[in-house]
Structure formats: C-alpha cells, structure tokens
Amino acid sequence: MSLLGSPCCCGHRRWASLLLGDSSRHAGRGHFLCHLTFRCPGTLWIAEQAPTESRVWMLVGVAGHFQPGFLLQSGDGPVAREFGEARRWVSKKLRFEKDVDVNLFESTIRILGGLLSAYHLSGDALFLQRAEDFGNRLMPAFQTPSKIPYSDVNIGTGVAHPPRWTSDSTVAEVTSIQLEFRELSRLTGVRKFQEAAEEVTRRVHSLSGKKDGLVPMFINTHSGLFTHLGVFTLGARADSYYEYLLKQWIQGGKKDTQLLEDYLEAVEGIRKHLLRKSEPSKLTFVGELTHGRFSAKMDHLVCFLPGTLALGAHHGLPANHMELARALMDTCYQMNRQMETGLSPEIVHFNLHPQKAQKDVQVKPADRHNLLRPETAESLFYLYRLTGDRKYQDWGWALLQSFNTYTRVPSGGYSSISNVQDPHNPQPRDKMESFFLGETLKYLYLLFSDDTDLLSLDAYVFNTEAHPLPIWAPA
C-alpha cells in the first residue's frame, strides 16, 4: 500500500499537504520573528542574518518564500495576508542604498530571482521596479579584465572585488546567474543585463581545461581561465553550471544549440568518468575525479541531478536520461533512509568493494550534519511530476516526517542538526538556512499537489533557488 494512502496519513494525500502547510507556517514564524523583530525564538537564528546595518534588505526573500501559498490561496486567507505584509514591506522599507558587500551569485538567485518571480506570479510592477534597481547595483561585478564577474559587490558604493582569500570565482557561481539577468533584460528592454551574463557563458564555453564536458571548480577573474585544473565534481562549486545549461536552453525556447550541446556532452562526461555502482546494493552514484583518481564521495548537493535529468528528458532529450534520473533518485532516497534520523548527511562515501561486508553508504564524522537542504525534495518533485509514480510522494512524506521529528523548533522555525546518525541527540545547531523556506518546503508543497498546471514545467523553469521564471514564448 502507498504510504500516502495508509492510515498514518489519514487515508488521503491531502493530510500531507495540510501538515506541510503547518510546517511552512511554523518555519515562517521563526523566519519573521528573527528578521522582522531581530528576536529569534529560543536561540534559533537565520543564516542570512547580517550585521545590523545590512539585515533589513535581506528580507526581500520573503516575497519568494510565500509564492506557492500565494498562488494556491486566494482572497483573505492567512498566506495571502502574509504575502500582503511582505509586499507592504517591500514597498515601504526595502531600499538598496546600503554600504554593504553582497555575493553576486547568492543575491542574484535569491533576491533578484525572488523579485522577478514575485512579479510574474502577482503581476505587481513594484517587484519589477525593485528588481531593476537591484540588478543595476549588481552590474559593477562584471567590470573585470576577463568579463568573468567578481564574487562580491558593494550595492551602495558600486565597488566589486573577488573573495578576500583569492582572485578566483567559482564556476558554479558565475554560470548560474544567467536565467535571472536574461529575464530582467526581457522584461525591462535593457540589454546590458543579458549581454553581461551571456558573455560569461560564451567565454566558459570556449575555454580549455574541460574533460568531456565536465568543468573545473574555479575560474580566474583576471585571466578568464580555469584554475585548479584536473578536479571534477557535480557537488559544491560546480553543480548549478550543469543545471543552468539545460534551463537556459529551455527558458529561451530551445533555440540555443550551444547550450544544448554543452549539456549533452556533460551528461556523457558524467557517465564516462563519474558514474559508479556501490556494493553490495548496486546503488548508482556520482563521484568525483581528482587528477585521474576517482573518489566515491558524493555531496548531497548532487541530488539536484535526478530532477535536472528528468526535466531534460521531459523536454525531448534522450530517454536514457530519465532512466539515469530514476536510478540516482533511488540513491538520494537511500542517502536519507539509511540514516537513523531519515535525513541525509552533507556528504557520503560509497563502498566499492564487494568483498567487504559494509553498508553501501558510509559517513565520516565531519560530514554527518544536515543543513535542511532542498536537493532531495527538489528531485522528488520533478520525478513525481514527470512520471506520476506515487512512490516519490511516499518518499517525500517520509522526508517531511523526519524534518518535523528531528529539526523542528517548538517556538518557531526549524534547525540544522549536527548528527543525522543519532536520533536521540541530533545536536541542533540553532540555525535555519533561508533555503529551507524558499526551496525545501516549496518543493515538498508542489510534490504533494496533483495539479500539473500549477507552475507547469512546460511554462516555467525554476532557478536554482526554486523561483519560477517563465519560458519565453516564440518570437
């Protein structure tokens, strides 16, 4: 029997949606208590909480956090009222004239993406006005000798710079801002946003140092060349490069063959160099390659890949992409299920030795924390939406139960935990990343909806912070 149809779910998937709605409101209470009053429940604090002078502008993320509820509940419902409060805050309080450094990538996917998405979902021009203002303030980051943007920019002074510890930017960061800047140009008619972002794509496309479509993790802003050559991963610092190749192609109406070719080559590079099966259960996983040496290490971040592969298959790419998506989804589920809390650690290592009587999934003490990340929920949403297989809802239900059991803070919000292998003392970190609201709960909400027209994957692409942006209509 399907778990969502079992007595523990009150006989109906609707119960899961109701529980998720409660979870969203509970998380939101923690978010608003921290951000609107700067008084966090208990000791919980929000990851984006910045020094006092810069806290206030971070709040624009609430416009995106409430998008699903805003769409689903019309009239004077509680979520609509919360969205109204967020809208009034954006109107009366949101100003970007702050002498503060922001990360180009994080600010683009969260703030710019959230404002653009809020504009599309509400039709309210206020959000587009704020998006254009913010986009203009990010543009100095692109003023480098190579046109590869700096990682940080001061939105008040317009001074941009690389990280304090290097002159490099990460490849994922500079290649995962294109959906947002392209859309800003389309809406405003101001070409500079799209031109700057697409110039980065063109330059990365032409670089040497790749391995069958796989890219290194770092790129130098002065030379415009890859650095730290020979290291290939689909985890941190490279992950969303691959995601945005596909999603830009879809966003633009499937016209840019260069994007498609780079994506298809990368998928084959993954198969050739990074794909392995674990022992004893033959779980398909994506490892890493360092100067020709394979490592059976897989970040939880890599669990974005099943959803991306499934999305590509839905849009006409080879059927074996969906087969790989299903296999990797099984693995990501096991990364959660095999932990005592039902929550995946940040990093796992897979066993490759059949002669050893070990579990498939192994965790080092330094890696056993869970940050409430969205990637498993994200891919479950795509796999369920595109296959209709209810097991993905079952798995999402189990994930939601684990979050509520081991990470929920009684007074409001949810907390990252330090030990997914100890259900008796998971060691709360008293910190809630904003992506738990903006992504994890949003994707779970959509997972439990059987309305395929709700943010249809034929009409929208989700940016890497789960903000839906429209697919462009044919010219």
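The values are calculated or read from the model by the stated rules, or taken from the named source; none is laboratory data. On a predicted model such as this, the values are computed, not experimentally measured, just so you know. Heads up, the Cβs are rebuilt from the backbone with ideal geometry, glycines too, and the neighbour counts pull from every protein chain shown.
Only one of the listed residues (F381, F403) is within 14 Å of A466 (Cβ to Cβ) and not charged (D, E, K, R). That residue is F381. Pick from the stretch 159-196 the residues that are part of a helix (DSSP H, G or I) and free of Cβ contacts under 8 Å to residues at least 24 places away in the same chain: which of them is surrounded by the fewest Cβ atoms within 10 Å (Cβ to Cβ)? Ranking the candidates gives E195 first. In the stretch 360-377, is there at least one residue being crowded, with 17+ Cβ neighbours inside 10 Å and of a type in the set (D, E)? There is at least one residue in the stretch 360-377 that is crowded, with 17+ Cβ neighbours inside 10 Å and of a type in the set (D, E).
Would you be able to say whether some residue in the stretch 338-354 is under 27 Å from E465 (Cβ atoms), at pLDDT 95 or above, charged (D, E, K, R) and in a helix (DSSP H, G or I)? No: the stretch 338-354 contains no residue that is under 27 Å from E465 (Cβ atoms), at pLDDT 95 or above, charged (D, E, K, R) and in a helix (DSSP H, G or I).
Scan the helices (runs of 4 or more DSSP H) fully inside the stretch 53-145 and keep the ones with 2 or more residues being at pLDDT 85 or above and of a type in the set (D, E, K, R). Helices (runs of 4 or more DSSP H) meeting the threshold: 78-92, 125-138. Under the condition of being crowded, with 21+ Cβ neighbours inside 10 Å and not in a loop (DSSP other than H, G, I, E, B), the residues counted in the stretch 232-265 number 17. Residue by residue through the stretch 339-359, note down the ones that are more than 23 Å from Y443 (Cβ to Cβ) and surrounded by 20 or more Cβ atoms within 10 Å (Cβ to Cβ). Selection gives F350 alone.
The rows are residues; the columns are (1) among the acidic types (D, E); (2) in a helix (DSSP H, G or I); (3) at pLDDT 95 or above.
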| position | (1), (2), (3) |
| --- | --- |
| A366 | no, yes, yes |
| L372 | no, no, yes |
| E378 | yes, yes, yes |
| D389 | yes, no, yes |
| L399 | no, yes, yes |
| D422 | yes, no, yes |
| T452 | no, no, no |
| L469 | no, no, yes |
| P474 | no, no, no |
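Scanning the stretch 197-231 for residues that are of a type in the set (S, T, N, Q), farther than 27 Å from S295 by Cβ and surrounded by fewer than 17 Cβ atoms within 10 Å (Cβ to Cβ) yields S206, S223. Against the numbered list (1) under 20 Å from P345 (Cβ atoms); (2) in a helix (DSSP H, G or I), M298 comes up short only at (2).
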